[in-house]
Every structure is written in structure tokens, then in C-alpha cells.
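Chemist: Shown below is the structure under consideration.
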Amino acid sequence: MGRRRFPIAAAALLAAMGASPPAARAHVGSPDVFLEGQAGPYKLLVTVQPPQVIPGVAAVEVQAAGDDDLHLVSIVPTPLRGPGAAVPPTADRARPSPDDARRFTGKLWLMSPGSWQVRVHVEGARGSGDLAVPVPALPMRTKAMQRGLGLGLVALLAFLVAGVVSIVGASVREAPLQPGETPELARRRRARIAQAAAFVVMAALVGVGGAWWSGEA
């Protein structure tokens, strides 16, 4: 249901930009954004495939609708509003298709959910032009962690917890001793109590961290 709202969101973003919206469309059930508009003297058809997860990589395709061959096409993502919209990053140069000199493709990172725009700059025999494509960036799904990576992180977490518990026990048991001295029974008992307390604290921290992570996901 969320995917079908993308054409409405794109039209709303165009209205907010205060410009006459070029022809925009999207397939029902698809998050892809299609926009046909004028970039200076060139008529372009721009397709943007937003990423399914945020941050993620969006695929961009720029097709010249006329007979003009484009010499250069650059693309850059910016927020629709705010400081980031006024100071865009360095644009990426789109790659020309080996099969069609009028088609260019590229990929862009969208780092946060919200209202974005992809600015397209083109240059050709008739000069240059620019076109802004509104792109709503919304996460479609949560990617599962790879099993091997998850097991590795669990093993690393267990190693860190064991290290903290061991350090706490050693500090209580042996820190006041002089070289060559052995800890007495009472000090060893206090060390075991300190290790148990350290384990409880670490387990609580892991539990709170796991709950926070699940809530964020």
C-alpha cells in the first residue's frame, strides 16, 4: 500500500518546488519514479529506482527523448529543502550506454529517509540544461544480517564480555599485591563476587542494547 503513494508524493513535491510539473508517472505497485521534462533545449525521460533500504543506492537512468546526442550527463542527490539543497555535493558523471548514445545510467547514495531530489545536468550540441526530479526516499524493508556475520559478532561480543569480567576479577584479586605475593582466600572470594556483579551489569547492558536495536529496526 505504501508503494502506491509514491506518484502522489512526487506530485506533491513538485508543487512544493513552485514549478510547473512536467509529465510524471509511475507504475502501480512500483516505487520507481518516472519523469519526462525539459532540461534547457533537451527533452529528457528520467527514471529513478529508489533503494529499498535507507541508506541505500538509487539507480538513475537518463534518456534523451529527441534526436540530440548528449556529450555529458551528471547527477547529484540533494534534500528538497534545507542547507543541503543549497550546497549540493560534487555531481557524479553518468555512464553512456554502449547500445544507445542518448541513454546514460548512474547510481547515487540516499543517506536518510525523506524528500530528496535528483538534479540532472546535461550538455550537448545545443548547449546545457538542468532538470530536478523529486524522489521520496522511504525504506521498503529491513535487510537481514548474514548468518556468518551474525555468528562472528556474537562470538566477538562474548569475548568482550568475558574480557571485562576477567579484568574486574583480576583488579580486585591482585591489584594491591606486591610482586611474589599470592591472594588470600577472602580476596579471591571478593574477586568472584566482583566478577559475578560485572557479568550481571554486562548482561544488562547487552539486553538494553538489543532492545534499543530492535526498536530502531
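Chemist: Among the residues of region 105-115, is there at least one that is open to solvent by less than 30 Å² (accessible area, probe 1.4 Å) and of a type in the set (Phe, Trp, Tyr)?
Modeler: no
Chemist: Let me ask something else about it. Of everything in region 173-217, what is within 20 Å of Ala155 (Cβ to Cβ), open to solvent by 50 Å² or more (accessible area, probe 1.4 Å) and more than 33 Å from the chain's Cα centre (by Cα)? Give them in sequence order.
Modeler: Hit for region 173-217 is Phe199, nothing else.
Chemist: Same structure, new question: Of everything in region 139-169, what is open to solvent by less than 80 Å² (accessible area, probe 1.4 Å) and in a loop (DSSP other than H, G, I, E, B)? Give them in sequence order.
Modeler: Across region 139-169, the qualifying residues are Pro139, Met140.
Chemist: Give me a count of the residues in region 41-62 that are in a loop (DSSP other than H, G, I, E, B) and either over 12 Å from Leu108 (Cβ atoms) or open to solvent by 40 Å² or more (accessible area, probe 1.4 Å) (or both).
Modeler: Going through region 41-62 one residue at a time, the tally reaches 5.
Chemist: Scan region 63-89 for residues that are more than 21 Å from Pro50 (Cβ to Cβ) and either at pLDDT 90 or above or in a strand (DSSP E or B) (or both) and report the count.
Modeler: Of the residues in that region, 4 qualify.
Chemist: Of the conditions (1) more than 30 Å from Asp68 (Cα to Cα); (2) in a strand (DSSP E or B); (3) in contact with a Ser or Thr (Cβ under 8 Å, 6 or more places away or on another chain); (4) not β-branched (Val, Ile, Thr), Trp116 satisfies every one except a single condition; which number is it?
Modeler: Looking at each condition in turn, Trp116 falls short on (1).
The values are calculated or read from the model by the stated rules, or taken from the named source; none is laboratory data. Just so we're clear, the structure is a prediction, and the values are computed from it rather than from any experiment. Backbone-built Cβ (ideal geometry, glycine too); neighbour counts: all protein chains shown. Calculation scope for accessible area: heavy atoms of the full protein, side chains included, ligands and nucleic acids excluded. Shrake-Rupley method; radii C 1.70, N 1.55, O 1.52, S 1.80 Å.
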